[in-house]
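In what follows, a structure is listed as structure tokens, so that the remarks can point back to it.
Taken together, the values in this text are just the output of simple stated rules run on the coordinates, not laboratory data. This is a predicted model, so every value here is computed, not measured. Methodologically, a virtual Cβ is constructed for each residue, glycine included, from the backbone with ideal geometry; neighbour enumeration extends over all protein chains shown.
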Amino acid sequence: MICFRFNQYFSVRNCLAVVILLAHLAPLTLANDNLSLSCGLKLSKNFYLQPGIVVDASYKKLLNGHPFAELAWSTSRFQALAQNTLKNDNVLLSLGWDFRPENIIGPYAKVDIGFARYDIEYEEIFGELDNAGMILSALIGSKCTFYHDLITVYGDCGYSFIHSSTVYPFFATVGATFDIYRGIIAR
Amino acid sequence: MKLGPVLSISMLIIIGCGIVELDKSDHLIDGYVIEDPWFTDSSYRVSLRTDLTVADREKPVIILVHGYGSSTFQWEEFAEYAENDGRILTSIILLGGHGKNVDEFKKSTWEDWGATILDEYRALVQQGYTHINIATASTGGTLALCHIATGEYDAHPPEHFFLVDPLVIPGDKLLTLVKVVGPMLGNSPRDNLNEKEQQYIFTNRPAETLDELYSLCKLVRSELEDGITLPSGSWMKIFQVKDDPTVDPASSLLIYKGVRTHAGKKIEAEIIDSDKHVFTSLSARSTVSKKDRQLQKKAFNEIAAKMLE
């Protein structure tokens with residue numbers, strides 16, 4: 001296993017920039033009722049209970065709309081404002097398979113690849129700690145769409161194959177997204 | 001960062017094979033032949049020593065607490081160091097449920113483990129010792145933090161706490177699965193102990209005790225997140241090994257963030273350039289380098305110097 005040191009590449013600012021860029025690129029795609037681009041919020045429980053932002057995309061004409069991709073960021077920084085927690089960020093790129101994309105309720109499976117990193121505070125003492133780790137996990141979940149398939153609520157649980165200081169084996173996520181492409185941009 | 005798939009697959013295979021039985025062989029402390037001398041030798045505890053005088057109560061006394069599954073041997077090197085110095089009294093504690101056999105260990109709870117620490121501390125207070133200190137290894141530190149959080153030391157604060165590789169975040173994250181797979185496994189024996197270590201450290205790790213350990217870790221982590229304040233006048237230092245295979249070194253950062261002195265100041269912490277969990281205990285290890293000895297000696301000198309200030 002090659003261990004990456006993400007510190008020089010990763011920052012919350014960079015990841016937010018990627019998410020915002022994807023959202024701005026949406027109008028440049030082919031104006032198409034088959035495209036779905038959703039943004040939303042998620043709450044993920046692993047080492048910490050971390051809220052975050054998620055962007056996912058799918059294309060109905062690609063393999064009947066089964067595959068989807070997702071980019072997500074979650075953080076413990078809000079909790080760190082009130083408690084003595086590590087300031088941890090998880091960034092995930094997911095590739096998933098929606099088993100019943102046309103159904104209101106349907107199961108899905110996905111694989112997450114990403115990384116987790118916590119801030120090294122008091123660097124003069126703890127500067128040598130290994131504060132980042134890769135994430136590789138598999139999940140199964142279920143989604144429910146309503147309001148003309150624009151709003152999706154989902155929940156999943158999964159197992160992480162790589163563990164680090166802030167990545168434990170089991171985790172669960174709930175979230176809700178809104179299809180900004182079909183709901184706002186394409187109208 | 002640890003790669004989990006090999007361990008995960010191993011666990012699945014073990015689960016498929018059934019429950020892992022307890023090994024109570026005679027050459028293990030887990031069995032019924034070897035027993036920690038703490039049970040028969042009262043000199044381990046200062047409170048039970050009959051050779052000490054009233055004048056000795058002015059000396060600093062340090063309660064030495066070992067870690068999960070270990071025994072009094074874990075602090076014997078420091079006790080020998082202190083005895084050679086002559087100015088410090090050492091009281092080596094055996095955690096409740098430890099040191100006898102694995103059946104006693106299996107029945108014990110984390111409250112039982114910590115009870116003997118408090119028993120000795122209270123006995124020393126009652127006998128009039130005024131310079132009480134506490135040094136812990138691994139889970140001993142977790143217990144000490146729990147006792148501090150619940151105010152056990154508020155009435156007669158220890159002067160110093162020395163935490164060596166204290167456990168809050170386990171190195172092996174599979175410990176978090178103990179509630180799920182523990183009942184199926186029954187036992188998760190260590191496979192990295194040499195023949196000498198097997199006489200001092202439990203080879204078996206019954207699922208019940210791992211569950212207790214993880215519950216204790218979660219409790220202390222929660223207390224740290226809310227903030228732990230040391231008793232008035234107490235001082236604390238963490239010694240954390242950088243490449244600890246048993247305790248995730250991020251534990252030390254969590255403790256550093258979560259604990260404050262009574263005056264609101266930060267505690268002290270040091271990251272030690274070593275890969276030996278509880279680097280202060282070297283006697284039973286298979287390989288010990290010159291650097292290991294130097295790090296141990298440096299820590300011993302620092303602990304003693306702080307107590308004699």
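General remarks:
- Cα centroid separation, segment A:80-94 to segment A:123-161 (Å): 12 Å
- 10 °C / 1.306 mPa s Stokes-Einstein diffusion coefficient of the protein assembly as shown, Kirkwood radius on C-alpha pairs, µm²/s: 64 µm²/s
- Backbone amide hydrogens, once placed in the peptide plane, bring A:HIS163 within less than 5 Å of B:LYS2, B:GLY4, excluding anything fewer than 5 places away on its chain.
- Counting only other chain Cβ atoms within 10 Å of each residue's Cβ, the peptide B:253-259 averages 5.
- Residues B:SER289, B:SER215, A:SER36 arranged by fewest to most Cβ contacts within 10 Å: B:SER289, B:SER215, A:SER36
- Backbone geometry of segment B:286-293 corresponds, through the Karplus equation with coefficients 6.51, -1.76 and 1.60 at θ = phi - 60°, to 3J(HN,Hα) couplings of 5, 10, 10, 8, 4, 5, 4, 5 Hz, x marking Gly and Pro.
- Axis of helix B:139-149 versus longest Cα principal axis of chain B: the two differ by about 60°, to the nearest ten degrees.
- Per-residue average of Cβ from other chains inside 10 Å of A:85-92: 2
- Projecting the Cα positions of B:PRO170, B:VAL61, B:PHE202 onto the charge dipole of chain B (unit charges on Cβ atoms of Lys, Arg, Asp and Glu, taken about the Cα centre) puts B:PRO170 furthest along the positive direction.
- For segment B:85-102, 3J(HN,Hα) per residue [Karplus equation, 6.51 cos²θ - 1.76 cosθ + 1.60, θ = phi - 60°, Hz, x = Gly/Pro]: 6, x, 9, 10, 9, 10, 10, 8, 9, 9, 4, x, x, 9, x, 10, 7, 6
- Legend: ranking of residues A:THR145, B:THR40 from fewest to most surrounding C-beta atoms inside 10 Å; resulting order B:THR40, A:THR145.
- Exposure proxy ranking, count of Cβ atoms within 10 Å, fewest first, for B:SER71, B:SER252: B:SER71, B:SER252
- Scattering profile of segment A:29-168 at q = 0.10, 0.14, 0.17 Å⁻¹ [log10 I(q)/I(0), Debye over alpha-carbon scatterers]: -0.39, -0.70, -0.94
- Pair-distance distribution of segment B:26-122: all C-alpha pairs, bin width 5 Å, starting at 0; shares per bin in whole percent are 3, 13, 22, 25, 18, 11, 6, 3, 0.
- Once C-alpha pairs closer than 8 Å and six or more residues apart are averaged by separation and normalised to the residue number of chain B, the relative contact order reads 19 percent.
- With contacts taken as Cα pairs under 8 Å and at least 6 residues apart, segment B:153-284 reaches a relative contact order of 35 percent.
- With both labels modelled 7 Å from their Cα along Cα-to-Cβ, the B:GLN126 to A:LEU43 distance reads 4.9 nm.
- For a paramagnetic label modelled on B:LEU48 (point 7 Å from Cα along Cα→Cβ), amide N atoms under 14 Å away belong, within segment B:82-113, to B:91-100.
- Point-charge dipole on Cβ atoms (K/R +1, D/E -1) for the protein assembly as shown, about Cα centre, debye to 20: 1620 debye
- Per residue of peptide A:130-137, the mean number of Cβ atoms on other chains within 10 Å of the residue Cβ is 2.
- For segment B:174-309: rounded, prolate or oblate by the Cα gyration tensor [a/c cutoff 1.5]: oblate
- In this structure the amide hydrogen of A:LEU41, modeled in the peptide plane, comes within under 5 Å of the amide hydrogens of A:VAL54, A:ALA176, none closer than 5 places in sequence on its chain.
- Relative contact order of segment A:127-187, pairs being alpha-carbon contacts under 8 Å that are 6 or more residues apart, as %: 31 percent
- Cα long-axis angle, helix B:5-17 against chain B (0 to 90 degrees, to the nearest 10): 70 degrees
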